[in-house]
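Colleague: One structure, as structure tokens, below. Some questions next.
The values are calculated or read from the model by the stated rules, or taken from the named source; none is laboratory data. All values derive from a computational prediction rather than experimental measurement. Don't worry about glycine lacking a Cβ; one is built from the backbone with ideal geometry, like all the others, and counts go over all protein chains shown.
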Amino acid sequence: MNSVEKENPLRARFHEVLLAGASERAEELGFRLDPFHVGEGELSFRRLNTVLLTRGIQGVIVMPFEEAQDWGDVDWSRLSAVRMDYSLRHPVLHTISPDHHTALVHALERLRARGYQRMGLFIRRAADRRILYRWSGAFASFHQAIDVANHVPPLLVERMDPALFFRWWEQYRPDAIVGHHPVVIEWLAQRGARVPSDVGFFNLNTTQEPHPSAGLDLLPRQLGAAAVESVIAQIHRNERGVPAYPKTITIEGAWVDGPTLRPQLEMAQA
């Protein structure tokens, strides 16, 4: 069992937990997982093909990337493989991924039940593009079910810019901000807005950010285990190469309570 990853320090914590889950499950099933790094300054595709062949490696898990990549130069004909999200654009392998859309829709419903009415999405455009617009798509779907007066247009930016954020914030005044970057808590404090008493913050990936906050646990340990199980099942079925009909397994993230949302009010008992 082999994991092929180009390290990204911005998401290293998420990758670390994902790899731990994959390694643990591989050992339970009698396999071993060895990480390889591919890309500039690391293994070339040509060298990777040689390493996989000489070591007799049968299975590959392709870790997530920040930007879309083409791995068409890898010899997949002898391999059972999965990709961990949609950023590997070619070839299209079987996919193990968080169910970003469903998890966010359910989270928005819970935020609304907690009393938030004007939720605003603030993320980097590249993050949304990497998962094929499932974050912005979930917000658009949710807006169809609520009063148009509570619609807050999403703010998708190329970079984290406080000036852009505050122009959006002052125009639409969301009462809860949904995003990846808790730095907005510090920005808001500079304008006298306190989290969570004045505005809530909901983190789209609590594993990725060390700041304690309410949000979604995308369950990287379980995702890693599911990837191992998929590859081993392919090996046992003697399924090799790029699949004609790629399958996708998704796992919905889990809600995590935290100090960046107002406490849920308890219903009065009769």
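Colleague: With Phe122, Phe139 as the choices, which residue is surrounded by 20 or more Cβ atoms within 10 Å (Cβ to Cβ) and without any contact (Cβ under 8 Å) to a residue 40 or more places away in the chain? Can you show your working first?
Modeller: Details: Phe122 fails: without any contact (Cβ under 8 Å) to a residue 40 or more places away in the chain.
Unique residue meeting the criteria: Phe139.
Colleague: Those residues that are hydrophobic (A, V, I, L, M, F, W, C) and assigned to a strand (DSSP E or B), I need them from segment 78-129; list them, please.
Modeller: First pass over segment 78-129, keeping only residues hydrophobic (A, V, I, L, M, F, W, C): 79, 81-82, 84, 88, 92-93, 96, 103-105, 107-108, 111, 113, 119, 121-123, 126-127.
Result: Ala81, Val82, Leu88, Ile96, Met119, Leu121, Phe122, Ile123.
Colleague: Quick check on Pro98: is it touching a residue at least 60 places away in the same chain (Cβ under 8 Å) and within 21 Å of Val228 (Cβ to Cβ)?
Modeller: Judged against the criteria, Pro98 is a match.
Colleague: Can you spot a residue in segment 212-220 that is buried (at least 21 other Cβ atoms within 10 Å of the Cβ) and in contact with a helix residue (DSSP H, G or I) (Cβ under 6 Å, 6 or more places away or on another chain)?
Modeller: yes
Colleague: Next question, about the same structure. So how many residues does segment 26-59 have that are touching a residue at least 40 places away in the same chain (Cβ under 8 Å) and in contact with a Leu (Cβ under 9 Å, 6 or more places away or on another chain)?
Modeller: Of the residues in that region, 6 qualify.
Colleague: Being under 20 Å from Leu261 (Cα atoms), free of Cβ contacts under 8 Å to residues at least 12 places away in the same chain and in the same structural domain as His211 (by TED's automatic domain parsing): is that true of Arg110 here?
Modeller: Details: under 20 Å from Leu261 (Cα atoms): yes; free of Cβ contacts under 8 Å to residues at least 12 places away in the same chain: no; in the same structural domain as His211 (by TED's automatic domain parsing): yes.
Here the answer is no, as Arg110 does not meet what is asked.
Colleague: So which residues in segment 10-41 are in a loop (DSSP other than H, G, I, E, B) and either at pLDDT 90 or above or basic (Lys, Arg) (or both)? Give the steps one after another, and end with the answer.
Modeller: Residues of segment 10-41 in a loop (DSSP other than H, G, I, E, B): 29-33, 39-41.
Matches in segment 10-41: Leu29, Gly30, Phe31, Arg32, Leu33.
Colleague: Within segment 171-190, can one find any residue that is hydrophobic (A, V, I, L, M, F, W, C), under 15 Å from the mean Cα position of the chain (by Cα), at pLDDT 95 or above and not assigned by TED's automatic domain parsing to the domain that holds Leu93? Outline the logic, then answer.
Modeller: Residues of segment 171-190 hydrophobic (A, V, I, L, M, F, W, C): 176-178, 183-185, 187-189.
Filter once more, keeping what is under 15 Å from the mean Cα position of the chain (by Cα): 178.
Now drop any that are not at pLDDT 95 or above, which leaves 178.
Cutting the leftovers down to not assigned by TED's automatic domain parsing to the domain that holds Leu93 gives us 178.
Checked against the condition, which is being hydrophobic (A, V, I, L, M, F, W, C), under 15 Å from the mean Cα position of the chain (by Cα), at pLDDT 95 or above and not assigned by TED's automatic domain parsing to the domain that holds Leu93, segment 171-190 yields at least one hit.
Colleague: Here's another thing I want to ask about it. Against the conditions (1) outside the structural domain of Arg110 (by TED's automatic domain parsing); (2) touching a strand residue (DSSP E or B) at 6+ places or on another chain (Cβ under 9 Å); (3) surrounded by fewer than 21 Cβ atoms within 10 Å (Cβ to Cβ), where does Ala227 fall short? Just the number, please.
Modeller: Tallying (1) outside the structural domain of Arg110 (by TED's automatic domain parsing); (2) touching a strand residue (DSSP E or B) at 6+ places or on another chain (Cβ under 9 Å); (3) surrounded by fewer than 21 Cβ atoms within 10 Å (Cβ to Cβ), Ala227 fails exactly one: (3).
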